[in-house]
Each structure stands twice: as C-alpha cells, then as structure tokens.
1. Between THR50 and ARG235, what length comes free when the chain is fully extended (0.36 nm per residue of separation minus the Cα-Cα distance, one decimal in nm)?
2. Using the number of other C-beta atoms within 10 angstrom as an exposure proxy, rank ASP174, ASP191, ASP215 with the fewest first.
3. Determine the sum of side-chain charges near PHE201: Lys and Arg each +1, Asp and Glu each -1, restricted to other residues whose C-beta is under 10 angstrom from that of PHE201.
4. Given R₀ = 25 Å, FRET efficiency for LYS151-PHE43 by Cβ-Cβ distance, to 0.05?
5. Work out the P(r) tail for the stretch 90-192: percent of alpha carbon pairs separated by more than 21 Å, whole number.
6. At a 10 Å Cβ-Cβ cut-off, how would you order GLU25, GLU141, GLU226, fewest neighbours first?
7. For the stretch 43-92, what log10 I(q)/I(0) values come out of the Debye formula at q = 0.24 1/Å, with one point per alpha carbon and no solvent?
8. Taking just the alpha carbons, could you work out the radius of gyration and Dmax for the stretch 53-133, both in angstroms?
Amino acid sequence: MRLFYIAAIIITLLCLINNNYVNAEVDKKDLKKKSDLDSSKLFNLTSYYTDITWQLDESNKISTDQLLNNTIILKNIDISVLKTSSLKVEFNSSDLANQFKGKNIDIYGLYFGNKCVGLTEEKTSCLYGGVTIHDGNQLDEEKVIGVNVFKDGVQQEGFVIKTKKAKVTVQELDTKVRFKLENLYKIYNKDTGNIQKGCIFFHSHNHQDQSFYYDLYNVKGSVGAEFFQFYSDNRTVSSSNYHIDVFLYKD
C-alpha cells in the first residue's frame, strides 16, 4: 500500500510540474458512447490495443521513394504478421511528405494491411503519420510522461509512458496510453469493462502550446485504414511540455 501512495505522488508531480494555466475542460455531453460502436468495430479496436505487434517502432530509416505526392515509401521494413517488406506512410498533405522524403526518420505508429494500397511489385503495409526527424531529436534518457486517470470524476491510480524523442508524435503517446487503458479498463472490449465514454487530454505546460483531447469512441470506419486516418496530420508535441489526463465515464 505504501508503494502505491509513493507511486501516486510521483505520477502526480510529473503531471503538475509547470501546469499552472490550463483551463480547458471536456464536456462529457460532447463525447461519443461505446454502445454506439458495433461489435465488429470494437473487436478490431481491441485487437490493435492488446497485441503490441501492431505497433511499429523503427529508428533511423530513410526514404527516397513515393507512391503519391503525400506519401513516402520505405523499403526493407519487414512486418512478419502481414508478410510485407515495404511500408507506405501517408500524410494529409504533400508538404508533410516532402519534409521527410530523403531524411533520416523515426517511425512509431499503428500499421494495417486491409485496404492498404501499396506497391504493385512487392507486398506493402500502410501507416498514417507517426514520423519524426531522427537527427538531433534523440534524448540521452527516456522522457517520462505522467498520466492521470479519472473515473466518473474520482482519481484512480495513474501510470507513466516513456519516449526517447524530444519532439514526439501524438500518435506515439496516444497509442501507448490507449494500450494501457485497454489493459486496465477494457475500453474497447465488447463483453467486459463498464466504460461508456472517455477521452485522452493532452495538457500543455505553457502558453505557446495548445491543449487538446481525443475522444476514445469517436471512431471512423471499421478497419485500421479508416480508424487511424486522423493521424495523417502527423501532429507532434514537445515531450517535455505535456502531461496527460484521462477522463473515463461509466455512462
């Protein structure tokens, strides 16, 4: 029990450092409901957030190829579960793709095969965003980011996630948090878990960076090619400027 309280204090301190201005709030009424998602969609989401093999974590890769002008192609990315050797990364603009074409990059994201339109000459997996420049973005030590959890307004035991990057994609942070939440609260399991609404709130520690949140159940489509398209904006944040609050509701 003593260790629990010590851990709770450490996580709270990680979350509160320099966080003296955020006034943004989430209106529960605006959040989508789990019960509005059909069972096949929940099954697919559960698979993505319980099986870590769907998470791609690659460092110091380079791409000079493109399929469309808003994509980059990386060769020799072996994904055994899909039996593919190439990866297509898609962004929501050609400007974003051009920022990373020919550069040494790191990739962290959720890949998919179903409805992935890739190369004709070799099997390809797909991923939206999840890219940062490698050079000059590596930390000497992993950055620990505190995550507070509130269930119906009552604070629960929190946890931490880690990243090796100074500038990190929100996809990386979001994926790590959802993976943990599925393990702890079965947020996408159709048979167990009592959570009906929820969001992940990214709280900025300064006035320059925006605070924002992702609704856990505002899910588009029925497969990964549709679920994860919102990551195509490749949104990034400074890993030292944010902590995360999770708000969960039973109804």
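Taken together, the values in this text are just the output of simple stated rules run on the coordinates, not laboratory data. The model shown is predicted, which means the values in this text are computed figures rather than measured ones. Cβ atoms come from the backbone with ideal geometry, glycine included; neighbour counts cover every protein chain shown.
1. Gain on extension, THR50 to ARG235, equals 64.2 nm.
2. Ranking ASP174, ASP191, ASP215 by Cβ neighbours within 10 Å, fewest first, gives ASP191, ASP215, ASP174.
3. Neighbourhood net charge equals -2.
4. Taking R0 as 25 Å, the efficiency between LYS151 and PHE43 is 0.55.
5. The answer is 51 percent, as a whole percent.
6. GLU141, GLU25, GLU226
7. Cα-only, vacuum Debye calculation for the stretch 43-92: -1.00.
8. 11.2, 31
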